[in-house]
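Asker: Quick one: structure below, then a few questions.
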Amino acid sequence: MGFLWTKEKPNKKTPDELVREARAGSDESRERLIRAFTPFALRVAAQAAGRRIDPDVDDEFSVALSALNEAVDSFEPERNVAFLAFAETVIKRRLIDFFRREANRRRREVPLTSFEEENEEGSVINPLEAAQAVEAFEAASETEARREEILRYCGVLANYGIGLDDLVRSSPRHEDARRRAIAAARLVAGSGELVKYLKSKKELPLKLLSEEVDVSRKTLERQRKYIIAVVLILIDDFEYLREYVLK
């Protein structure tokens, strides 16, 4: 995850204990938890924005902290999901909402009529022709949609203990190995039983999979995170990522 909880002394409380106490109404536990995970929230905000975030200036930081507090209230320990992974998902969702609102606000503040001007004869002209305006709008919309999809995908990956850095390290280096890994992912995605196993255990069904594909179990274990990541793209609505990964 990039942010690790420091080793606790015997008389110190764990993050899970603090979450339970905060949900039970302990303001002190909530404050300790928020303070401890503030660097984590800042990192998630920076990743989502694609730039360094200044806590004293950028609204993304306050959005991330508010989402972290929300995560404390809505966290359900019985669902067997790590709090940090859950909090990251909530933060990214709230940042997506923030980015969407900001994009809409900017579009309202700069209407197409802003580009209109009068020529020497007093006629109103618009140098930005209609076709170009439509093309620019569609390109901006697609860019925003891709960004939102990647953020959502990161949240799904986090539930399986996988980060984007893990994918870089576990991605097959050779084309034939990549094709075999994708073939294994397709096999899992096409089997309701294997998908159910993956979702419930948060693990790849290596034994069953090794019996169905022409790949050694050792190789499957080495590519485990990559295969899981591809399966998640195949079984969920990740249109842009599917186009990129499976091309």
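Only the coordinates and a few stated rules stand behind these numbers; no lab work does. Here the structure is a predicted model, which is why all the values come from computation and not from measurement. FYI the Cβ positions are ideal-geometry reconstructions off the backbone, even for glycines, and counts take in every protein chain you see.
Asker: Which ordering of Tyr240, Tyr226, Tyr153 is given by a fewest-first count of other beta-carbon atoms within 10 Å? Walk me through the numbers on the way to the answer.
Answerer: Values: Tyr240 16, Tyr226 24, Tyr153 19.
Ranked by crowding around the Cβ, least crowded first: Tyr240, Tyr153, Tyr226.
Asker: Can you pull the percent of Cα pairs in segment 164-245 with separation above 15 Å?
Answerer: Working: 1742 of 3321 pairs.
Here the long-distance tail beyond 15 Å is 52 percent of all Cα pairs in segment 164-245.
Asker: I've got another one for you. Nearest 0.05, what FRET efficiency do Thr143 and Ser62 give at R0 = 22 Å with Cβ-Cβ as r? Spell out each step's value before the answer.
Answerer: Details: r = 24 Å, r/R0 = 1.11.
After rounding to 0.05, the efficiency reads 0.35.
Asker: To continue, here is another question. At a Förster radius of 30 Å, what calculated FRET efficiency corresponds to the Cβ-Cβ distance of Lys202 and Glu28, to the nearest 0.05? Intermediate values should be presented prior to the final figure.
Answerer: Working: r = 33 Å, r/R0 = 1.09.
Step by step, r from the Cβ atoms, then E = 0.35.
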